[in-house]
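The structure appears below as structure tokens.
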Amino acid sequence: MCFLSGLVHFIQRRFAIAKEGIQIVLPLVLATLTLWFIVAVTNPMILLWIAVLLTVVTVVVTFLFRNPQRTTPELSDLDIVSPADGKIVSIGPANEPQFMKKKALKVSIFLSLLDVHVNWIPVSGVVMHRQSADGTFLPAYTEKASDKNKRVSVGIQCDDGFCMTVVQITGFVARRIKCHLSLGQEVHRGDRYGMICFGSRVDLFLPNETILTVRKGDRVKGGITVIGHKHSRHGENKISAS
């Protein structure tokens, strides 16, 4: 048991694989290595082709579960970073009745199969809301996916009173959402908090006075790209270590 735990930790750290994917990647890697060993000993042509195919599958799955090491740059307390890699597919007004309970500014990020699927905390604060909702699996780039698809909503409140909601949403291929946050948990901007497997969508609900620094069509990088600034009334514009 200790050996397997150590192997999992080594793969996760050495090859930057998200922990959510270890249980899938590890068996594939072991099966691939075993099959190549058998091919090397027996050399049957059919097993060779199977080994090649399994190697391709293993590489693709490992790529989809990659978890790059990133360091959030020094920013001011007013800066909001993107919670995901992807493309901004829509920006506009919307109601947020679950946590903010008012009209808000909604920013939607579409994650394709080629994007990193790990999610990052956009602002430092405390988790004041967490809710899961079952739903369908419409293509994540469509606007209906926000309300119809399976999703997990998280509401964060900062020390300066700023509140926002982040929603992880499944897509046509994505069927699993991992959110490792709990109510009352203190979170820090740039920390990883979950993952949506195999392409998806992340919606942000921000106060209307938020000053956005991105536009529809822009590409963003989770934990690094600044997507907007809090209104100046939310704290002083000082350098934060978060």
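Scanning the stretch 199-224 for residues that are under 16 Å from the mean Cα position of the chain (by Cα) and surrounded by fewer than 19 Cβ atoms within 10 Å (Cβ to Cβ) yields 219, 221, 224. Is it the case, given these coordinates, that residue 161 is modelled with pLDDT under 95 and small (Gly, Ala, Ser)? So residue 161 passes the test. For the stretch 70-87, the candidate set comprises residues that are surrounded by 16 or more Cβ atoms within 10 Å (Cβ to Cβ) and more than 20 Å from the chain's Cα centre (by Cα); within that set, the residue that is farthest from residue 157 (Cα to Cα) is 75.
For the stretch 88-146, the tally of residues that are surrounded by 14 or more Cβ atoms within 10 Å (Cβ to Cβ), free of Cβ contacts under 8 Å to residues at least 24 places away in the same chain and over 11 Å from residue 201 (Cβ atoms) stands at 1. Screening 60, 39 for residues that are outside the structural domain of residue 169 (by TED's automatic domain parsing) and surrounded by fewer than 18 Cβ atoms within 10 Å (Cβ to Cβ) leaves exactly one candidate, 60. Taken together, the residues in the stretch 164-180 that are of a type in the set (A, V, I, L, M, F, W, C), modelled with pLDDT of 90 or more and under 13 Å from the mean Cα position of the chain (by Cα) amount to 4.
The values are calculated or read from the model by the stated rules, or taken from the named source; none is laboratory data. Computed from a prediction, not measured in an experiment: that's the story for all the values here. Because the Cβ atoms are built from the backbone with ideal geometry, glycine has one as well, and the counts that use them run over all protein chains shown.
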